[in-house]
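Written out below as structure tokens is the structure these notes cover.
Every read-out reported here was derived from the displayed coordinates using simple, explicitly stated rules and does not represent laboratory data. This is a predicted model, so every value here is computed, not measured. Reconstructed Cβ throughout: ideal geometry from the backbone, glycine too, with neighbour counts over all protein chains shown.
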């Protein structure tokens, strides 16, 4: 794990990491990745990946009915910055 | 843009909002135009602890689409997370489909103006959720996020890069637009953003197989913009390559005011979306019985209807395609023909011509037409039975449109009946010939063009009501001497 | 009568018989919580006033002859469950100011039963940890020895039950987070089958592994609460439509003939000798009760920890992307642009372990690594699940130790993440395969509790509970109270 790799992962994950902390993350990630590298030796040619622990189940479908009502005031009570019902972020230029 | 050196390659990705009542993964309403965040519940907002539950109608609509484009419907499709950060994406990921979309390979046939047809391949179509909206004006140094739209179901339709001109691209886009409205799975309202198109455009030297680097032009929401954007982009790319540069693979936006595409700064960096199957959702099962039940609800599709018009009414493939561009237009045309069976081609011309022009002028849809099929049929009958000429009929049409009266009333009140009495026409011809000795002499000396002068003068003298066919015949005879 | 030492079952009977009131019981437990909070730090929030109200309402209902088996019984909820109108922090600075606008399904169900919430328990931040040392609100201490960890991530819940602050604590288990602290704190911890208990309102860590469960003093008490917690929830697509059996009625199922599988790989290196001694003694009790012991081998189980540490971080890196300072949670001051808002809000809001896992997850999902890591791990997951399935064709229940050792000292394993991760070595397999599993006290090593783990087939909660109950009728390890908390 190079510092550049850590920086690029942190950027993808939108995490600010102090310069001083970078080496520690580098070390732990390298150690974790080497640990999980053990997976390589497993014989998995015959099996398919398991995304859910309960095989054979399929997605339930919900009827197309509107049951929600406007509760934006309640939900926006937790919002750090709101104006005219909109959530605010620093201006984005497209 | 017909270029001998360069070939244009275009693929379209169309996002159509499905016309469900509730959102794809939550029971919030999907109606357009609600106050900001009034239709965003905890699931739509991506609150901690919430979970998605799939809307049955979204699945049905996707299957309908798949069947209509002769595609394979995937028996077990999987939702995947597309991970990226953007303020209008509350969870930090979009629930979409990646490796296993619900609709696999299909195709759509398009008819061009010159009558040629082309088959455009559809790579896939999948279900996903729409993002919210960002507003950038009037909030000072901030942008405001409205998540009402977040979670609206979308079907993303990906075409093969089979189109070779802006014209073909527009024809394809229009066809898909027609189809989704026929199927009643999307209202096709481009102003409201229900139907959006991204165009992938590249160029290559004619004869080469390798595809050029493509640019993606996002969020084109009108047929005109698609056409103009592609034209601009093709010229831009050719220009770059011919000056020795390289086309960048990037995302661009079309600026309708400037008529040009420009690079999207905020999405410039290549995003690694880290797709993986969404663990909060299980695979979506669609079995043969379900597919059969959906197939049974399919209406007569545009292609079927167009083929029927072509064979039953002798229309050209192109005309049939125009008339079937919307179910409502086709229904109108058929209603006219039911009342007026004598000349379906005439009916077709009038529906595609005068009627469509009047609708466009007033910016209304066929449903709001000021002239219904019965009244139009009545007018057309008066043309074929000789009461009025085709030209006069246009005048009658305008009057009928404005007044709401039927053809006979307008013809009577405006005295539009054409003069078909040969004696009367001959009298008018004689009169004109008598006062135009110079032109007569010149015509007889060989200036054939002057025929038009005489036609015009006789028409003037008869208030435009001389039967044109008879006038031509009689005038020729008399001028010949 | 020291009400706090009574079992949930006994308390329910006492309340119904009007021997004491819910108000009395609640007041007592609130006082205990407050008294022990400085040493244990088991709770993040205390909800005294609303608890007293709920207790009074419960008493009223019971007086009128109404209510059910859980009416008036106090509980604490792990601070990972959304509780309407009450702060829900996940032990993170990111949610320090977050008041949930809704109740998790589990919370709503138990509220509907008339249970009384005393507060929210401390935990590892976002459920990531095995020692409750990553909490923004400071570590929880083990009531058996204040210099030692209670286990994690449900350390606060386990410590609360062990210290007799509440007869029931809700908790969640993704890689062992109920069972491991149960073992280290000498209480009974139950993780149901994946899909048995609704995840709606349970702040997600790793969606395909998380499951809500119980911490109680006994299996009997667990059965009482699980019966009310479990069940299909239409708001959770991974919730299973299976009827909930009456776990209480099924507790006295006879044990004889039950086949117990001893997983050979669980008894190999790394297992503390005291631990092995206690577990083997427990197995002899089972034999005495008529069960048969067979050895089974699950060779791929050794890969369960590496597989987990690919899958869980991958899922969590995505689940935690919603924490961006925009709609709720911590927001950095004066962000200069959007990127700064995201990076600093998240950088400041999340602790080091959480950041580490997010980065690991981001990496293993990224282009070029997805197949080698994520897909590979999911394939190994299937290998492990298949092995369990195979084993269950020969045996009814698997047993072994819950943890490699008893509670370790605070700060002793925080240097290297891998050392901490290996604490989950016996528990992770059940999460990968979605199997129900539990830990019950089975002895001590130098005055520190040890746990016996039981793993069952899918939806065999009843079987596990009755097997645990049978053992708890023969032994009294589960009745021991840490010195100073009697």
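Okay, here's what the table says:
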| item | result |
| --- | --- |
| Prolate/oblate/rounded call for the range B:302-413, Cα gyration tensor, a/c under 1.5 rounded | oblate |
| Cα gyration tensor shape of the range B:422-480, rounded if a/c is under 1.5, else prolate or oblate by comparing a/b with b/c | prolate |
| Helical contribution to [θ] at 222 nm, DSSP H n ≥ 4, -39,500 (n - 2.57), averaged over chain B, rounded to 500 | -12000 deg cm²/dmol |
| Cα-based convex hull, chain C, per residue volume (Å³, whole number) | 136 Å³ |
| Cβ neighbours within 10 Å from other chains - mean over B:29-42 | 5 |
| Rounded, prolate or oblate (a/c below 1.5 giving rounded, otherwise prolate when a/b exceeds b/c) for the range B:6-294 by Cα gyration tensor | oblate |
| With 10 Å bins from 0: P(r) over the range B:202-257, alpha-carbon pairs, percent | 22, 51, 24, 2 |
| Average Cα contact separation per residue, the range B:302-413, under 8 Å, 6 or more apart, as relative contact order % | 21 percent |
| Structure-based [θ]222 nm, chain C - -39500 (n - 2.57) summed over DSSP H runs of at least 4, per residue, nearest 500 | -11500 deg cm²/dmol |
| Evaluated over the range B:26-97, the Cα radius of gyration and Dmax, each in Å | 14.8, 41 |
| By average C-beta atoms within 10 angstrom, highest first, the peptides B:349-362, C:462-475 | C:462-475, B:349-362 |
| Residue-averaged beta-carbon neighbours from other chains (10 angstrom radius) around B:454-461 | 0 |
| Helix B:451-461 axis, angle to chain B major axis (alpha carbon atoms, nearest 10°) | 80 degrees |
| Length-normalised contact order of the range B:360-466 in % [C-alpha pairs under 8 Å, at least 6 apart] | 24 percent |
| Nearest-ten-degree value, helix B:327-339 long axis tilted from longest Cα axis of chain B | 30 degrees |
| Shielding score for C:425-435, defined as the mean number of other chain Cβ atoms within 10 Å | 1 |
| By average C-beta atoms within 10 angstrom, highest first, the peptides C:185-192, A:73-80 | C:185-192, A:73-80 |
| Degrees, to the nearest 10: B:390-403 long Cα axis against longest axis of chain B | 60 degrees |
| Cα-based equivalent ellipsoid, the range A:1-40: semi-axes from gyration tensor eigenvalues, Å | 20, 11, 7 |
| Listed peptides B:371-379, B:250-258, C:318-326 by packing density, highest first (mean Cβ within 10 Å) | C:318-326, B:371-379, B:250-258 |
